[in-house]
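Enquirer: A single structure is presented below for examination.
The values are calculated or read from the model by the stated rules, or taken from the named source; none is laboratory data. All of these numbers come straight from a predicted model, not from anything done at the bench. Neighbour counts are summed over all protein chains in view; Cβ atoms, including those assigned to glycine, are modelled from backbone coordinates with ideal geometry. Just so you know, the surface numbers come from the protein's heavy atoms only, side chains and all, with ligands and any DNA or RNA stripped out. Shrake-Rupley method; radii C 1.70, N 1.55, O 1.52, S 1.80 Å.
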Amino acid sequence: MKKDTLYLHVGWSKTGTSAVQSQIQAQYADFLDKGILYPQSLQWPDHSHHPFALSFQGSGAYQSDMSPADALEKLRIEMEESPAPSVLLSSELSPMYFNNPRFRIFVAEHFETVKVLFTVRPQSELLLSLYNQLVKDPNIRYDASLFTLALRNIGWLNYLNHIRQWEKHVGEENLSVLPYSRRVVQDFLQAFDIEYRQDARQLSETAIINPSLPTRCLLLVQKFGRGASGNGEFAQRRDKIIALSKAIDHEHDQKILFSVAEQQAFDANFKQGNEKLIELFELPSAGLIKTDYSPINVLPEDSLSLDDLA
């Protein structure tokens, strides 16, 4: 017997996805009460379904030890063991699953409907947050410039084009777009008619999910992280830089990482598409059209030396 709906939350990255996934897991029972299974067998420790997504397409240093067939079989088994009529998978690393014939067959056999959810934010904000993520990650240690990252991701950040690709497979009526905000977790749960419960997570889990580096430290971590011999040494250097930076006055943040003009020019590339999304999905314009810009200043690379980190 077919399940009702497969919900796919596919990103974008850096739009509160980690916090959303953590809260879904914390309110696992509430989702079950609504008839929605959040699969447990396909999660990473952060409660994302990255192993499922990566089985279809790896992402740099991150790969899955499963094939698509393995991932789908795990999903099938967990679905059969659950009475829930619907399933929710959440991974911002999701590729276009429908490009895989095995996925298309699986969906046709097991679900009546597929609905796709997107979380978005102004592209200049997402770019800076992504740069922060890649620089701080010991498994990646991104060492190119913010400009290079922008060029590499122009296509990926064109929300409208990507959403149109999903529309071809599921129809516009089965697409939802949520703008990022401080309430993105509450808004996501509300989309499923589930009340956000702050007390759902254990006390040990109430820290900020996936905290960013202090922006002013980015170039320093990038510089000194390159020479670290392993992930442990990288993390030590990163944390030491953060600690030492607290004693440096912000008047020393003289290096402009992302100027106002650069941010505005970058966002201008996507303005027309974003305005179309606002119209199609009746979104608040502030969620995608940024109007208030400030220069992003950081500490210069010579603010600390390797001796300081010893």
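Enquirer: Please get the size of the charge dipole for the chain, origin at its Cα centre, with Cβ charges of +1 on Lys and Arg and -1 on Asp and Glu, quoted in debye to the nearest 20.
Expert: Dipole of the chain, to the nearest 20 debye: 480 debye.
Enquirer: So, with a 1.4 angstrom probe, what is the percent of accessible area on the range 69-124 that is carbon and sulfur?
Expert: Numbers: 1140 of 2290 Å².
C and S fraction of accessible area: 50 percent.
Enquirer: On to the next question. Peptides 130-143, 213-226: what's the order by average Cβ count within 10 Å, highest mean first? Walk me through the numbers before you get to the answer.
Expert: Values: 130-143: 18.3, 213-226: 20.6.
So the order, starting with the most tightly packed, is 213-226, 130-143.
Enquirer: Please sort 160-173, 257-270 by packing, taking for each peptide the average over its residues of neighbouring beta carbons within 10 angstrom, highest first. Can you show the working numbers first?
Expert: Working: 160-173: 14.5, 257-270: 16.5.
Going by the mean number of other Cβ atoms within 10 Å, highest first, we get 257-270, 160-173.
Enquirer: Give me the one-decimal nm value for the distance between modelled label points at residue 243 and residue 105, 7 Å along each residue's Cα-to-Cβ direction.
Expert: With each label point 7 Å from Cα toward Cβ, the separation is 5.6 nm.
Enquirer: Let me ask another. In percent, what relative contact order does the chain have, based on Cα pairs under 8 Å that are 6 or more apart in sequence? Each step should come with its number before you reach the end.
Expert: Numbers: 438 pairs, mean separation 67.1, N = 310.
Computed value for the chain: 22 percent relative contact order.
Enquirer: Hey, with R₀ at 35 Å, roughly what FRET efficiency would residue 289 and residue 69 work out to, going by the Cβ-Cβ distance, to 0.05? Write down the numbers at each step before the final one.
Expert: Numbers: r = 43 Å, r/R0 = 1.22.
With R0 = 35 Å, the Cβ-Cβ based efficiency is 0.25.
Enquirer: How much accessible area per residue does the range 48-159 have, in Å², with a 1.4 Å probe?
Expert: That works out to 41 Å² for each residue.
Enquirer: Taking the Cα centre of the range 185-310 as origin, work out the dipole magnitude from +1 charges on Lys and Arg Cβ and -1 charges on Asp and Glu Cβ, in debye rounded to 20. Can you show the working numbers first?
Expert: Working: 13 positive and 20 negative charges, 80 e Å.
In debye, rounded to 20, the range 185-310 gives about 380.
Enquirer: For the chain, restrict the atom set to alpha-carbon positions and state the Rg and Dmax in Å.
Expert: Over the chain's Cα set, Rg and Dmax evaluate to 20.7, 65 Å.
Enquirer: Could you provide, to the nearest whole Å², the per residue accessible area of the range 223-298 with probe 1.4 Å?
Expert: For the range 223-298, the per-residue accessible area is 60 Å².
Enquirer: Skipping prolines and chain starts, which residues have an amide H placed within reach, meaning under 5 Å, of the one on residue 115, given they are 5 or more residues away or on another chain?
Expert: Those qualifying (amide H under 5 Å, at least 5 residues apart or on another chain) are 6, 7, 8.
Enquirer: Before rounding to the nearest 500, sum -39500 (n - 2.57) across all DSSP H runs of length at least 4 in the chain and divide by the residue total; then give [θ] at 222 nm in deg cm²/dmol. Kindly include the intermediate steps, with their values, before the conclusion.
Expert: Numbers: 13 runs with 130 residues, N = 310.
Result for the chain: -12500 deg cm²/dmol, rounded to the nearest 500.
Enquirer: Taking every pair of alpha-carbon atoms in the range 170-292, what share in percent sits in each 10 Å bin, from 0 to the bin with the longest distance?
Expert: 9, 23, 26, 29, 12, 0
Enquirer: Right, another one. Starting from 0 in steps of 5 Å, tell me what percent of the Cα-Cα pairs of the range 78-196 lands in each bin.
Expert: Per 5 Å bin, starting at 0, the Cα pair percentages come out as 2, 8, 15, 19, 18, 16, 12, 8, 2, 1.
Enquirer: Do the alpha carbons of any pairs in 2/74; 255/290; 168/290; 74/276 sit beyond 27 Å of each other, and which pairs? All intermediate terms of the calculation are to be shown ahead of the outcome.
Expert: Numbers: 2/74 17 Å; 255/290 23 Å; 168/290 29 Å; 74/276 38 Å.
Long pairs (Cα-Cα over 27 Å): 168/290; 74/276.
Enquirer: Which of the listed residues, 171, 284, 299, is farthest toward the dipole's positive end in the chain, when Lys, Arg count +1 and Asp, Glu count -1 at the beta-carbon?
Expert: 299
Enquirer: Let me ask something else about it. Order 233-246, 20-33 from most to least packed using the mean count of other Cβ atoms within 10 Å.
Expert: Details: 233-246: 16.6, 20-33: 19.2.
In descending order of packing, they fall as 20-33, 233-246.
Enquirer: What share of Cα pairs, in percent, lie more than 16 angstrom apart in the range 244-310? Working shown, then result.
Expert: Values: 1368 of 2211 pairs.
Summing the P(r) tail past 16 Å for the range 244-310 gives 62 percent.
Enquirer: Hey, another quick one. How far apart, in nanometres, would the label points at residue 256 and residue 4 be if each is projected 7 angstrom from Cα along the Cα-to-Cβ direction?
Expert: Distance between the two pseudo-spin positions: 5.4 nm.
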